[in-house]
Structures are given as C-alpha cells and as structure tokens.
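Everything below concerns the one structure shown next.
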Amino acid sequence: MYHNPVLLNECIEGLNINPDGIYVDVTFGGGGHSRAILERLKGGHLYAFDQDADAAGNAFADERFTFIPQNFRYMKNFIQLYANSKVDGILADLGVSSYQFDTPEKGFSTRFEGRLDMRMNRNNPIDAANIVNTYEVTALAGVFSRYGELRNAMAIARDIESAREYKPLETTTDLKDAVAAHLPKGQENKTLAQIFQALRIEVNQEMEALETFLSQCPEVLKPGGRLVVMSYHSLEDRMAKNFMRSGNADGVIEKDFFGNQNTPYKLITHKPIVPGDEEIARNSRARSAKLRVGELRV
C-alpha cells in the first residue's frame, strides 16, 4: 500500500503552482504529490518519473499527465523529448516509498524475511546479495562507512566476509545473522537500518543519480521556477542544500570576474521544513523528512 505523502501541503506551497504551468514529479510512487499538483492545474501539464515498474500501475488517465518509466537521472533528456520546453517546477521526494518498504520480496526492510534484493528497478543486474557476496572486504566497508555512516564498518564487513565463506548470504535474515555481533543493545534496529540503507544506496547508485539530477535542474527550470526536494537522511539533505546554495555538490560558491557570487537559486527555505508532531504521530516515516525549496534566479 502506498501511504499518504509526507509534507504534502508544504510541497505544493513550495512549488507555487501556476495553473497553466508545466511541472515534473520525479518520484511518482503512489501518485500522492502528483494528484495534488494535478488538482491545481488547468491548462498546464505534469510529467512524472518512476523507475519502479509497480508505480506505473498508479498512473492517471488524464490528458494533462504523462508518466515516464525512468530514473530521474534522465530527467533532462526526457523533458526535452516530451515537453520541448522549460518547466515551472520540479518536485523530488527522495528515498524509498512505504510500499517498497512494506513489500517483503523487495528486501528493503529489516522487519521481513525476504531476498536480499533492494533494487528499485528490477532490470538492474546488481542486487544487495551480489554486493554482500562479491565485494572485497575494504570495498564493502567503504559502502557501510560512506552510505551508512557506520564507525565500525570494517568490523561489519569482516563478519560478512566470514559468514559468506560458510554459505552465500541470500536473505535479509542471513545478513542480520552475519552482523548480529555489531548490533548494540537498545540500538539494534537503528544499526540494522544503517546497514540496509548503505546497501540500498549502493545497489541503486542513489547518490550518483541525485547529483546528476540536481545538476540538470537549472537547465530544465524556467527562470523563477521552483525546485522542491524532500530528503530522509543527511547525505541526501546535504547534497540538496549544497546544490541550492551553490549550484554544485561540494557547496563551494563560485564567483565571477567581478567577485559576484554565482548562486543559481534564491533560497525560499533557509532552513529545512520538517514535519510537525501531529504528522509524525500519523506517519512515523515522516520523522526524518527535511524539505528544501529554491527558486531559479531570473
């Protein structure tokens, strides 16, 4: 089941919708944000991206709507192909949908027994089982350190290496058993979530895709167009913040010949918008959400 979209009203307000404008939802999922955008469009059009084949089943039969079954890293090419114009707003709700977490066979959740898959696009030849069973131990530790921000990444990788010598790790339970010695009492779920997050990001090349997508946004948006990005962990939020403040992943503001700062966006949110207690009580997965909004300078 696809759950209610997080910070729905704040996302829609951030887009500052023109009823005759062109908008892009690069993470369609269950279509909650897209539906809210369409409700505000008259002569405008909405393009929606999602690489998960299951999301296509939620597409709308509406002449104002086009579903594009692709990763958002290809946004620029497909918007040029379909829209042949710049757009008024882009929305990205990053991370994994509730539906994906709640489908055991996708392997995203620590709560269910399932194959170590974690692919958002089933055509991807690499899944989480490939990574835990074939990556050399230092490469595996690098994944846990970089994407899970785990301090004991090398120790976790070594225990996985030892476990896979006995038999391949094929299920979520196999992985949990292999790393059991590194789950601090009272923090078992948090540590497992970090391990699973790291593998998921590596499988789907999420940070590379995000950087590619964010680098394209100034070319796709009209001057005055809005970029709305909602993230769920610090790596995503840091990259979104850096691009909005500086136009690059490193957050380094470049200057022109005269010493003027080259900043592509006017920041609509100087600090991220976060859900209130009521929304978190209604949807626990909202608790880590951070929403940032930038407007492309004219």
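What value, in deg cm²/dmol to 500, does the helix sum -39500 (n - 2.57) over DSSP H runs of n ≥ 4 give at 222 nm once divided by the residues of the chain?
The helix-only estimate for the chain comes to -11500 deg cm²/dmol at 222 nm.
Counting only protein heavy atoms and using a 1.4 Å probe, what share of the accessible area of the chain belongs to carbon plus sulfur, as a whole percent?
Here carbon and sulfur together make up 47 percent of the probe-accessible area.
Hey, can you find the accessible area per residue of the chain for me, probe 1.4 Å, expressed in square angstrom?
48 Å²
Write down the percent of antiparallel bridges among all DSSP beta bridges whose residues are both part of the chain, to the nearest 5.
That works out to approximately 45 percent antiparallel.
Can you give the charge dipole size of region 192-263 about its Cα centre, rounded to the nearest 20 debye, using +1 on the beta carbon of Lys and Arg and -1 on the beta carbon of Asp and Glu?
For region 192-263, the charge dipole is close to 300 debye.
Computed from the coordinates I sent, Cα extents along the principal axes in Å equals one of (i) 55, 43, 28; (ii) 65, 44, 35; (iii) 60, 51, 40. Tell me the label.
Here Cα extents along the principal axes in Å agrees with entry (iii).
Can you run phi through the Karplus equation (6.51, -1.76, 1.60; θ = phi - 60°) for region 161-173 and list ³J(HN,Hα) in whole Hz, with x for Gly and Pro?
4, 5, 5, 6, 5, 7, 7, x, 8, 10, 10, 4, 5
Going by average Cβ neighbours within 10 Å, how do the peptides 148-154, 250-256 rank, with the highest at the top?
The peptides rank, most packed first, as 148-154, 250-256.
Scan around LEU221 for amide H atoms under 5 Å from its own, H built in the peptide plane at 1.01 Å from N, and keep only partners 5 or more places away or cross-chain.
VAL87
Roughly how big is the chain's charge dipole about its Cα centre, with Cβ charges of +1 (Lys, Arg) and -1 (Asp, Glu), in debye to the nearest 20?
Around 620 debye, computed over the chain.
Amide H neighbours of MET120 under 5 Å, counting only residues 5+ apart in sequence or on other chains, H built in-plane at 1.01 Å?
Amide H neighbours of MET120, under 5 Å, 5+ apart: none.
Please list the non-local residues whose amide H lies under 5 Å from the amide H of LEU46, H modeled 1.01 Å from N, same-chain partners needing a gap of 5 or more.
TYR23, PHE65, THR66
With each pseudo-label sitting 7 Å past Cα toward Cβ, what's the GLU165-VAL274 distance in nm, one decimal?
4.4 nm
The values are calculated or read from the model by the stated rules, or taken from the named source; none is laboratory data. For clarity, every value in this text was computed on a predicted model and none was experimentally measured. Positions of Cβ are generated from backbone atoms using ideal geometry, with glycine treated the same way; all protein chains shown enter the neighbour counts. The accessibility values were calculated without ligands, DNA or RNA, using every heavy atom of the protein model including side chains. Shrake-Rupley method; radii C 1.70, N 1.55, O 1.52, S 1.80 Å.
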